[in-house]
Ligand SMILES: [Zn+2]
């Protein structure tokens, strides 16, 4: 936001906090409270943490994730996953996730994780999924008692570098009436194209199930094209590299390539995570982030946190950063929020109800 922006258009932190927000891309193992990581490590005798001071540990996660490459960013997950190997740990982390998001003004969130990462100490995949659902329900109840209404939908992830996607997709379908709303594949993009998991996507489509794919974060257009046209992804996790198919001429005219036009015109939601992209080097700064141009071109842009612990962010801090960098006001924040709600994997009537009874009235009250 430029210094000349009139004071009446400046949004206070309190206004942004109170604005209803919808989050589609948040990793359960990327959003722990530092104090919880320490407690859980102690409970199971996990000795590999770099420090046991909560504040210093929070800083360590942000710094380690700031290294500029996706691969080393993913290394920080060794610690969070390392302490999430028991039922009690999973319940606690999921409950706190729901509570923290609710306190941040998030009214609907889809939180994702890969069940196969939490079986090191003998939990079955089913036990992992059930424990997380118990935790989300607990957190939703505790948030409601505190006056914050939130609903969490779960996305189960397969890991690109492993070969268990079909098995996880089967579980996503099996648990779809118990709060699991969709599927995703995560992990390193380079060298692991989404088409490696075609059997999982075919299974999901056959079963009328929903899925998004991490594509177009570290890797370019080929990955986005495969995710949409070969795999049938309904949304793109990140998708920022779609910018590589958009050219701005010397005359300032913007030209969209065919893939960019397809993504925009078929309203494929982009799950954009600004701070995370800056940390992994997918964008140089928030101010230079492609979200500015993509928003101007009316792509279906949504704003997301990705990993709140590693990026030291929240939905409110992401909105505040965008307000600061691009001058987005309440109408823009509502647009991102409704884009996200429209793109959620829950039933259409439930999305509509949240838009009409929670989101629109919430923004109207702030205006
Ligand atoms: Zn992600």
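Figures for the structure shown
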read-out	value
Kirkwood hydrodynamic radius of region 12-360, Cα pairs, Å	20.2 Å
Part-to-part distance (alpha-carbon centres) for region 273-319 and region 201-228, which is given in Å	20 Å
Calculated over region 213-271: convex hull of Cα atoms, volume per residue (Å³)	74 Å³
Ordering of 313-319, 357-363 by burial proxy (mean other Cβ atoms within 10 Å per residue, highest first)	313-319, 357-363
Peptide ranges 203-213, 35-45, 241-251 listed from the most packed, as the mean C-beta count within 10 angstrom indicates	203-213, 35-45, 241-251
Kirkwood Rh (inverse of mean 1/r, distinct Cα pairs), region 281-331, angstrom	11.7 Å
Whole-angstrom Cα spans of region 241-304 along principal axes, big to small	29, 28, 16
Structure-based [θ]222 nm, the chain - -39500 (n - 2.57) summed over DSSP H runs of at least 4, per residue, nearest 500	-13000 deg cm²/dmol
Whether region 107-169 is rounded, prolate or oblate, judged on the alpha carbon gyration tensor where a/c under 1.5 counts as rounded	prolate
Choice from 17, 256, 155 with maximal GNM fluctuation in the chain (Cα, 10 Å cutoff)	256
Debye equation applied to the C-alpha atoms of region 40-115, log10 I(q)/I(0) at 0.14, 0.23 Å⁻¹	-0.57, -1.28
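Any read-out appearing in this document is the output of simple, stated calculations on the displayed coordinates, not a laboratory observation. Since the structure is predicted, the reported quantities are computational estimates derived from the model, not experimental observations. Note that we place each Cβ from the backbone using ideal geometry, even for glycine, and neighbour counts take in every protein chain shown.
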